[in-house]
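Written out below as structure tokens is the structure these notes cover.
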Ligand SMILES: [Zn+2]
Ligand SMILES: [Zn+2]
Ligand SMILES: [Zn+2]
Ligand SMILES: [Zn+2]
């Protein structure tokens, strides 16, 4: 058994810089804050560096919950049928309690995107649904931005093999590591300063869009003619953002997007995905859906259509949008030409929309709005939040003002 | 970094048998039961085998919480001072909730017994105290035997190096693995049958002691002249035992002891330890204590005296006994001649007493007794439960009847 990543293939200095960026930029951990980490077992080297740097930053207690792909697969292969409706509610409730006590949250991503590709889709869907329900109290504290949180990635061998299938494992891990380091800006001399500059850029884009106050965005491209109405009193965000606990953090490392909340009832037309979506271990490709009154009324996928339809059946909000995001086609992640099969990267290579739960912070005074007020403004709610990619160098986007007039926002995938 | 145990040094067939004994003898996991596992990161190979066998036995959901020695050390070396009063209360409360929902509990032991030997004893004591307080709701469900539970061991390299300091790591791991396998009876052709026979032996010893109804045990040996009064309506147990959820399990793999509850107010005399005690990463050796009215009024140790005294100061119950256990000097673990620096093994090589919390099941009708009723019968309560070894081939034990008459129980460390 060789369960740990071939660390020799990973640049140690850059891995340490990634840990530093995670703590100082991603989380901006404050002295005395506890930190809850979830990570794949293989990411132990990164977890240890982050743990050390978190304590150096004054963390109270760092608690890591490791997930093991082998244990997950053992469940699918050996557990009785009734197992697939179960979830560790006690654990997620505990996490929600930790966040309620101002613990910061770090998720390290890097699972094999195809882990569950050969398992029974009905079991996958049941297990995901059970987990979503159990996770809801914790996820709400994250999506409502109660606390500073961050997602960062580790080049897990099983993920690297999927991204670079023709390379030996060590080469694949090395290439994925370098791609993660570049996208996370830790290949630069002063990553902290680089992130400050990048956050400024994204803040300028958000400010422009907030000034325009478009009531809708109109996407046109191959297979796409989609009007995404924006929520009333929506607010654009991008890069660093301030949580309700007052800490300004970068929830995603990397991030290239500016994003806001669509109106759950005002999306019309059809749209085609431009990259495959890796959803909890299965691949959904060539998605084509049609919206009426904000609701997906028709959904197809060349690959994974069954899984897609199960996702859409999760709850009423799963058929409506909770996010729309703009990313130029020339963004560094897109320019790398790598298909990561990982939403954190692929969503930052392309304009995207998300099915499901909206972010309350993407409203004016979002922190003070009740659930009813968010719903009244057009904010969607759901157990899920799944981003999928609809941008490319063939897609044009107009902003539609309240009076119906159109203004170019992107042409051929680039800001005008 | 080589964080995983050198698995080539561990007999794969015996490791799989250990997983089987854990699930079928140690836990007797029932169909539909969830299982919560705590384990050192290095024990991942054993965790995976146990996970598979648990699902094959019909487990609902197996959730593993891994602990990483490196992360613990990072805390001692880099965390701010106030960190050492913190504990992951949310996690332990969650575990208590899982047990309340009838999840079984498995602890895999194998941490480096000397992990914290070079850290500040004051910080170690504060961190342990904070954890003990946070862990109490979960520990109560275990010590009250609400659910089936088990502790089993994995030959962690850092532990193996401590037990066999003169061997190369792979040899040390192999030797420790074989010692664990032998003590856990998985080196036998049919380990399940071997455990059934062993449980019968221990049940016979318990039945004899329960028939005698001694009111005290009198230990005499080098440095020892100790009378341990037994609690009113105490009951002896050993081997398999039935939890309140109705499942008959073997809480410890290995186990060689029969044990009961001393009277918290009726221990008199002095006693010397016969083996070193490894307590949460520090070694306490050559303990000499004196009891008056059940309470330790004087305590010395040639090594680790400061830690010992901090342990005794945990709370009022920490100075009184919660367990007395009889193990013949010829028991297989003792006969191996190995000092394991691990209580699960060393306590099963020797007669021992435990500071702190008693087991409610060691009373007649223990399952139905309230805390007040347990206290009234002489049952001790405390945040801690720490076993230490007082038996050897130089120790004689008499049972003292209610009328004061003495009856030989052990001579030179063996049952009479
Ligand atoms: Zn997004
Ligand atoms: Zn999103
Ligand atoms: Zn014992
Ligand atoms: Zn004990």
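Where a number appears in this text, it was derived from the coordinates with a stated rule and is not lab data. The shown structure was predicted, so the numbers you read here are calculated from the model rather than taken from an experiment. Using ideal geometry, Cβ is built from the backbone for each residue, glycine included, and neighbour counts are taken over all protein chains shown.
Label point of residue A:365 (7 Å along Cα→beta-carbon): distances to the other copies' equivalent points are 6.4 nm, sorted ascending. Placing one identical point scatterer on every Cα of the protein assembly as shown and ignoring solvent, what is log10 I(q)/I(0) from the Debye formula at q = 0.09, 0.10 Å⁻¹? Cα-only, vacuum Debye calculation for the protein assembly as shown: -0.89, -1.04. Every helix of 4 or more DSSP H residues in the protein assembly as shown counts as -39500 (n - 2.57), and over all residues that averages to -10000 deg cm²/dmol at 222 nm.
Closest approach to the axis carrying A onto B, counted by Cβ on chain A and given in whole Å with its residue, is A:94, 2.
Looking at chain A, what % of its DSSP beta bridges pair antiparallel, to the nearest 5?
On the way: 53 of 69 bridges.
Taking every DSSP beta bridge within chain A, about 75 percent pair in antiparallel fashion.
Dividing the mean sequence gap of close Cα pairs (under 8 Å, 6+ apart) by how many residues chain A holds gives a relative contact order of 15 percent.
Could you tell me what % of all Cα pairs in the range B:295-414 have separations over 26 Å? Everything past 26 Å amounts to 31 percent.
Please find the FRET efficiency linking residue A:204 to residue B:371, where r is the Cβ-Cβ separation and R0 is fixed at 45 Å, and quote it to the nearest 0.05. It comes to 0.10.
Annotation for residue B:309, label-to-label distances across the other copies: 7.5 nm (shortest first, one decimal, point 7 Å from Cα along Cα→Cβ).
Would you calculate the convex hull of the Cα atoms in the range B:151-297 and tell me its volume per residue in Å³?
Cα convex hull per residue, to the nearest whole number: 159 Å³.
DSSP beta bridges confined to the protein assembly as shown are antiparallel in about 75 percent of cases. The per residue volume of the convex hull around the alpha-carbon atoms of the range B:210-415 is 116 Å³.
What does the convex hull of the Cα atoms come to per residue for the range B:81-157, in Å³?
Details: hull volume 7.7 nm³, N = 77.
It comes to 100 Å³ per residue, whole-number rounded.
Once you have the Kirkwood Rh of chain B from its Cα pairs, apply Stokes-Einstein at 4 °C and 1.567 mPa s and quote D in µm²/s. Spell out each step's value before the answer.
Working: Rh = 21.6 Å.
It comes out at roughly 60 µm²/s.
Rounded, prolate or oblate: which fits the range B:3-93, taking a ≥ b ≥ c as square roots of the Cα gyration tensor eigenvalues, rounded meaning a/c under 1.5, else prolate when a/b beats b/c? Here the range B:3-93 falls in the oblate category. In the range B:7-183, Rg over Rh equals 0.99, where Rg is the alpha-carbon radius of gyration and Rh the Kirkwood radius from pairwise Cα distances. Over all orientations, the range B:221-336 has a Cα convex hull whose mean projected area works out to 8.7 square nanometres.
For residue B:416, the label point sits 7 Å beyond Cα toward Cβ; its separations from the matching points on the remaining copies run 10.2 nm, from shortest to longest.
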